[in-house]
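The structure appears below as C-alpha cells.
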Amino acid sequence: MSLHYIFFCFLLYFFVFVFVFVAANVLAAIGGSVYALNSGTLSTNVADDLLLVVIVSIIIGGVGSIKGCLVGAILVALTHNYMNGIFPPLSGAVSAVLLMIAILLWCPHGLNPVASIK
Amino acid sequence: MISDILESLISRDKPRSSLLSVTLIFVLCVLAFLPFVIELCGFHGSEIIMKTAVQICVFILLAASYDILIGYTSVISLCHAVFFAVGAYSVGIFAKNSDPNSAVFFISILIGISISVVISMLISLIGLRVKHLFFTMITFAIASGAKSFVAKLSKYTGGLDGLTFDDGLPLFLSEKITIFGGHSYRIYAYYLIFFVTIVLFMCMLRLVNSPFGMVLKAIRENEFRTSAIGFNTNKYRIIAICIAGAVASIAGSMYASWIRIAIPNSYFNLSIMLTILIIVVVGGKGTIYGAVVGAVIIIIMENYLNPALEVVFQSDFPEKAQMIFSDPFSILNGYREIVPIRRLFNQHRWPLYVGVFYIACVYFFSMGIVGKLREWALAKMPAFSWLFMKNKILVKNNISKIFNMIYKLAFFLVFVSAACQIITGLFSMFDDNGLWWILSVILTYLVGCSGILGGMIDHLGRWRMTEE
C-alpha cells in the first residue's frame with residue numbers, strides 16, 4: 001500500500017462520488033422546473049414537505065430500485081391528492097405515512113426489493 | 001460507608017476522569033442552588049437564566065434517553081422529538097380542559113407516558129423489520145407525518161398556533177417565591193423538574209449498567225453473535241425504544257409545565273431532533289454522562305452566544321480586525337471593502353460559530369468530550385496537553401509532531417473558512433459588489449472541495465493504520 005495507491009483510490013472515489021451527486025441533483029433540478037411549470041407559483045418553502053414524500057415513495061418502492069420508485073411515486077401522489085376528499089383529518093403528509101406503514105406491514109423491504117438492506 | 005452509598009447511587013459507573021467528575025459536581029451544585037446562586041451573585045436576567053437551566057435539565061433527559069438508543073443499542077431513530085411532543089401535548093390538553101388540580105397534572109403525565117410507549121411499540125414493530133438506514137428513514141417519515149397530523153387536529157391541539165394553558169396547571173407550579181428580598185422565582189416548578197431529572201438520570205445509569213444494558217451493548221457490538229447466544233435481539237431493541245420514549249415523554253411534560261405553551265414548532269421541529277443528536281455526539285456516545293456535558297455546553301451556547309456577540313460587535317474589536325486591510329505594510333491593503341471581516345462579529349452570525357464548534361468537536365473529540373477525557377485519564381495525561389503531544393495514530397505513520405499539529409490546524413481552518421465563505425458570500429449577495437459575490441462562490445466551491453479531499457485523506461490514512 002503505497003501513498004500513490006491511496007491517492008489514486010481516493011481520486012477515483014472522489015470523482016465517482018461527485019458524479020453521482022451531480023447527476024442526482026441535476027435530475028432533482030429538472031423535477032423542480034417541471035413542478036414550477038405545473039404549479040405556476042413559487043416560494044422559498046416549496047420543497048419543505050417534499051422530502052417526506054420523496055423518502056416515502058423510495059421506501060414504498062424499495063431502496064435501490066428505479067421501477068419501485070415509479071410505483072411508489074404514483075401511489076403516494078394518488079393518496080396525497082384524493083385522501084382529502086375521503087377523510088380530511090388524515091390528508092397530506094399523514095396519508096403518505098399511513099400508506100407507507102400499510103405497505104411495509106405487507107412487504108417489509110418495499111414493493112420491488114433490490115438492495116439487500118442490512 | 002458514605003462512598004459506598006454514593007457509588008451505588010451512580011450504579012458504580014464512575015466518571016473515570018477527575019476533570020469530568022469535577023465538572024459534573026459543579027453542574028449539579030449550580031443547578032441545585034440556581035435561584036440562590038443568581039441572587040447571591042447578582043446576575044441580571046433571572047428569567048432567562050432559569051429558562052436556560054430548565055432547558056438544560058430537559059435536554060439532559062432527552063439526550064440521555066436518546067443515548068440509550070444511539071450509543072448503547074445503535075438504533076438511529078429520528079422520531080425522538082415525537083415522544084417529547086406527546087408528553088407536552090398530553091399535559092397541555094388536560095390542563096386546557098380542566099381546573100387547576102395536581103392529580104390531573106400527574107395523571108396527564110402518566111397518560112403521556114403510556115401513549116408514547118404505545119406509539120414507540122408500534123413504530124418499533126413496523127420499523128424493526130428492517131435495520132439501520134431503512135429504520136432511520138421510516139422514523140423520519142413518521143416524525144414528519146406526526147407533525148402534520150397534530151397541525152390538522154386543530155380542534156384538540158390548537159393547530160399550528162398551539163395551546164396556551166396558563167390557568168389549567170396546578171397552583172404550586174405557578175407560585176412565585178421571593179428569595180433574599182430580590183427576584184421571585186417559580187421554586188416548586190423548578191425543583192420538580194430538577195428532581196425528576198436527577199431521579200430519571202440515575203434510573204438510566206442503573207439501566208445501562210444492569211444485565212439488560214449489557215445485552216444492549218452486545219447488540220451494538222455484534223448483533224448476530226448476540227442472537228446466536230440466545231437473546232431475542234428484537235425484543236431487547238423494542239424495550240429500549242419504549243424506555244427511551246417514556247423518558248422523552250416525561251421530559252416533554254416537564255418542559256411544557258415550565259413554558260406553559262405547546263406549539264408544533266417548538267416540539268416537533270427537526271431542529272429539536274438535531275439538537276438532541278448533536279448533544280449526544282458532542283458529549284460522547286455510549287456514556288450517559290456525555291448527555292450532561294453536551295447539554296450544558298450546547299444549550300448555553302444557543303442561548304448566550306447571540307448576546308455575547310452583541311457585546312463584541314459593539315466594542316471596537318471588529319474595526320481593529322478590519323484594520324489589517326488598511327495597514328500599508330500588509331499585502332491585503334486595499335481590499336478593505338471586498339473582505340468584510342467586521343461583519344463576522346455581527347450578532348446575527350452566531351450560527352456560524354456554533355457550526356465551527358460542531359466541526360471542531362467532531363475532529364478533535366471523535367469519541368465525544370467524555371470519551372476524550374476518559375482517554376486522557378487512562379493515559380494519565382494532564383488535560384489539554386494533547387496540543388503538544390504526538391498523536392498515537394499518526395506516530396505510527398512516521399509523521400512528525402509539528403506536521404501533526406499543522407495537519408489538525410489545517411483541517412480546522414479549512415472548515416472554518418468554508419463556513420465563513422458560505423455565510424459572508426450569502427450575506428454580500430445583497431450588496432452592489434458583484435465581484436466579491438462571484439469570488440466567494442468560487443472560493444466556497446474550492447474550499448469545500450479541499451475540505452472533502454482532506455477528510456478523505458484523513459479517513460484513508462486511519463484505515464491504512466488499522467490494517468497494519
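None of the figures in this text is laboratory data; all of them are computed from the coordinates on show. These figures come from a predicted structure and were not determined experimentally. Don't worry about glycine lacking a Cβ; one is built from the backbone with ideal geometry, like all the others, and counts go over all protein chains shown.
Estimated from the Cβ-Cβ distance and a Förster radius of 56 angstrom, the FRET efficiency linking residue B:178 and residue B:235 is about 0.60. What is the average number of partner chain Cβ atoms found within 10 Å of a Cβ in B:135-145? Per residue, the average neighbour count from other chains is 6. The Cβ shell under 13 Å around residue B:210 holds other residues with a net charge of +2, Lys and Arg each +1, Asp and Glu each -1. Let's test the formula: R0 of 30 Å, r as the Cβ-Cβ distance of residue B:1 and residue B:37. What FRET efficiency results, to the nearest 0.05? Once rounded, the FRET efficiency stands at 0.50. Fewest-first ordering of B:271, B:46 by other beta carbons within 10 Å of each residue's beta carbon gives B:271, B:46. Charge tally for residue B:178 (other residues, Cβ to Cβ under 13 Å; Lys, Arg +1; Asp, Glu -1): 0.
Looking at the range B:234-294, none of the trypsin sites (Lys or Arg not before Pro) sits in a DSSP loop with at most 12 other Cβ atoms within 10 Å of its own Cβ.
Using the count of nearby Cβ atoms within 10 Å as a rough guide to exposure, how do B:374, B:12, B:129 rank from fewest to most? Don't jump to the answer; show the numbers that get you there.
On the way: B:374 20, B:12 11, B:129 16.
Neighbour counts put them in this order, fewest first: B:12, B:129, B:374.
The ranking of B:122, B:205 from fewest to most other beta carbons within 10 Å of each one's beta carbon is B:122, B:205.
Counting only other chain Cβ atoms within 10 Å of each residue's Cβ, the peptide A:102-111 averages 2. Our Cα-only numbers for chain A put the radius of gyration and Dmax at 18.5, 65 Å.
To the nearest whole number, what is the average tally of beta carbon atoms from other chains within 10 Å of the beta carbons of peptide A:86-96? Kindly include the intermediate steps, with their values, before the conclusion.
Details: counts 0, 0, 1, 5, 4, 2, 5, 9, 10, 3, 4.
That average works out to 4.
For the range B:148-265, the Cα gyration tensor yields ellipsoid semi-axes of 39, 23, 8 Å (square root of five times each eigenvalue, largest first, whole Å).
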